[in-house]
Amino acid sequence: MALSTPANDSPLAIEDVSVSYGNIQALSTVTLQLESGLTALLGPNGAGKTTLFRVGAGILPPDTGTVYLAGRDPFTDPAAKTDVGYLGHGAALDGRRRVRANLDSWGRTYGLDETARENRIARVADRFEFADLLDRPGEALSRGQHQRVALGRATLHDPSVLFLDEPTSGLDPTTADRLRTELETLAAERTLLYATHNLHEAAKLADRIAFLLDGQLIAHDEVDSLLAKTGLKEDRRVAVDAGVDAEDPLRSLGYDPTRQGDAWVVTLGADEEPADVVAALVEQGVRVSGIRRADVDLNDLYRRLEAQR
Amino acid sequence: MTDWRRIWRLTRTLLEAEVGARGRSLAFYPVGFGMLFVAVTAIAVISPSMLTGTTQTGLKMALGQYFTSVSGPRFAVALVVVQAPVLISIFSVVVATPTARSLAGRRVSSGEFETLLAAPYSHAEIFLALVVTAFMLAVSQTVVLAFVGVGGAWAVIIAAGARFALSIGPIIYAPYLVPFSVALWGAFVATVVYLVYPETALSGAGTGNLLLLIAYLPAFGLLGLTTTSTPVSPLFVAVTGFVGVSMLTGIGVVAIQNWFRPTRLL
């Protein structure tokens, strides 16, 4: 049944959803409304990302709350899931059958006729570069090949909402880069909810960030907005080129340093200047070879949000 | 709400996938088992004394339920009329179990089931499609077995010159209903077991395997009835067995599809 709420306009709307596994509260009154584009779902292990994926994709019914896919509840109207593509952790293919047969079955599952199945198999094989694997049995694929085929399967029926759980994990750098380009293309036409622990990748691809912590959605916005909301945008940071032995002196000076490459990144106080840090370290016998401004990035945002635990 | 068109669409897809994956091995067992039955029948024609005394007594008694008189290789006839439906029943449940393992257990263990749950079907529809698919595959294999085994056995008997005076001819077909209800029961129980204990599908051990015995009970119950000289009408056994097992399966399917939640499978 169509809704007369704002959720009606959203490709995916999750409202006050809670899920528990016995005594463990996996999700707690989570509300999330997605627009088109790519939203990266971040959070530490056990934060509830996979559970949120399963609820959003109409796999796992929530204990309380509602899910709407373009205004339709997938748990009472399964046809609403026709527009969903899902790539989970264990998106296994049937290893006994050839890749083409696996994809063909998936097309049948969605009621596609033979011509549509053939065309779409050719299209996704081209898009995710596995045309040469179509006649290979599923069990003969490497992890990376399997992941590419699984992505092809997730998009075979041309869904408008895609749930992708760490799609580039296990891929070699070149293949992962190609895949990221494809994800950008997909996100231009669709709504993607994408779980990852790769913050560099998320920073490059995501239009928005959603952050889960202990089953609660504590942030959902564009990266710039979140940096502003968390106060990180105003932070003045410097990267101090010094050895690992500089950590204790920096802490004794009241900083909370993080190691990035060969440098320690610290946040300056309101009245401090970079030269003050260098002087204080030299005074403590630390050898400093340089200092420069450091930009705030998604790593900082992640740590700031995670610290809200 | 359960949509039977969607269930049928998914059933056809699962059937096609399973046939594609298992290929000729699907026909291997029914053809092999059928040929074995033909061989046993041929032995009963050539040398009836090879059958044990208990079997001979049981077969004679059961044969009296069908025919006023039989001449020629009567033990072979009795084997086909009386024991074939029971053996086919056992076979049907024996093939329904690995089919359910392949359909449900393997999918759950590999993670493929999670992806299937994201497809446009309700959980009850997916459950029903799995049961119907396992049933259809088991029945298909049973039909192949019946065609090869029973057809071949009758050919052997007729070639040996058997003559019978039929008292109630049509009821000799009634027992062949039983394998179908037993196959349905086996497919249902095995699907439920593999959905509840998916690890059984991979390890081949654990609680699930013990529960699979429930799937075998009706078939082995029938075997007991026909080999222990019990003076029970085969027609009665066939009809009550068919009705009883079908009803039990129907109630089970309705109960389980309402109860079925994927949480434990993810």
Evaluate region A:175-194: report whether one residue or more is surrounded by fewer than 22 Cβ atoms within 10 Å (Cβ to Cβ), touching a Gly at 6+ places or on another chain (Cβ under 7 Å) and either among the basic types (Lys, Arg) or not in a loop (DSSP other than H, G, I, E, B) (or both).
-> yes
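Residue by residue, here is whether (1) of a type in the set (D, E, K, R); (2) part of a loop (DSSP other than H, G, I, E, B); (3) farther than 15 Å from B:Pro30 by Cα holds:
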residue	(1), (2), (3)
B:Phe75	no, no, yes
B:Ala78	no, no, yes
B:Arg106	yes, no, yes
B:Ala119	no, yes, yes
B:Ala124	no, no, yes
B:Ala129	no, no, yes
B:Val144	no, no, no
B:Gly149	no, no, no
Just to be sure, is A:Arg120 farther than 19 Å from B:Ala129 by Cβ, away from chain B (no Cβ under 11 Å), within 28 Å of the chain's Cα centre (by Cα) and surrounded by 19 or more Cβ atoms within 10 Å (Cβ to Cβ)?
-> yes
Could you check how many residues of region A:43-69 are closer than 30 Å to A:Leu141 by Cβ and within 8 Å of chain B (Cβ to nearest Cβ)?
-> 5
So A:Tyr302 fits all but one of (1) assigned to a helix (DSSP H, G or I); (2) out of contact with any Phe, Trp or Tyr (no Cβ under 8 Å at 6 or more places or on another chain); (3) at pLDDT below 85; what number is the exception?
-> (2)
Given (1) without any contact (Cβ under 8 Å) to a residue 40 or more places away in the chain; (2) within 13 Å of chain A (Cβ to nearest Cβ); (3) surrounded by fewer than 24 Cβ atoms within 10 Å (Cβ to Cβ), where does B:Gly53 come up short, assuming only one miss?
-> (2)
Is region A:104-117 home to any residue that is crowded, with 17+ Cβ neighbours inside 10 Å and more than 12 Å from chain B (Cβ to nearest Cβ)?
-> no
Taking region A:70-103 as the region of interest, how many residues are crowded, with 23+ Cβ neighbours inside 10 Å, free of Cβ contacts under 8 Å to residues at least 24 places away in the same chain and facing chain B (nearest Cβ under 8 Å)?
-> 1
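Just give me the residues in region B:98-125 being of a type in the set (Ser, Thr, Tyr), surrounded by fewer than 24 Cβ atoms within 10 Å (Cβ to Cβ) and either modelled with pLDDT of 85 or more or under 26 Å from the mean Cα position of the chain (by Cα) (or both), in sequence order. Full working, then the answer.
Here is the first cut: in region B:98-125, the ones of a type in the set (Ser, Thr, Tyr) are B:99, B:102, B:109-110, B:115, B:121-122.
The next check asks that each one be surrounded by fewer than 24 Cβ atoms within 10 Å (Cβ to Cβ); those that pass are B:102, B:109-110.
Across region B:98-125, the qualifying residues are B:Ser102, B:Ser109.
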Out of (1) part of a strand (DSSP E or B); (2) in contact with a helix residue (DSSP H, G or I) (Cβ under 6 Å, 6 or more places away or on another chain), what's the single condition that is false for A:Gly144?
-> (1)
Is there a residue in region A:220-233 that is at pLDDT 90 or above, under 23 Å from A:Phe53 (Cα atoms), within 19 Å of the chain's Cα centre (by Cα) and not acidic (Asp, Glu)?
-> yes
The strands (runs of 3 or more DSSP E) lying wholly within region A:18-120 that contain at least 2 residues that are more than 19 Å from B:Leu10 (Cβ to Cβ) are A:24-34, A:37-42, A:64-69
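The values are calculated or read from the model by the stated rules, or taken from the named source; none is laboratory data. Just so it is clear, the structure is predicted and the values come from calculations on it, not from any experiment. Cβ sites come from the backbone with ideal geometry, for glycine too, and all protein chains shown count toward neighbours.
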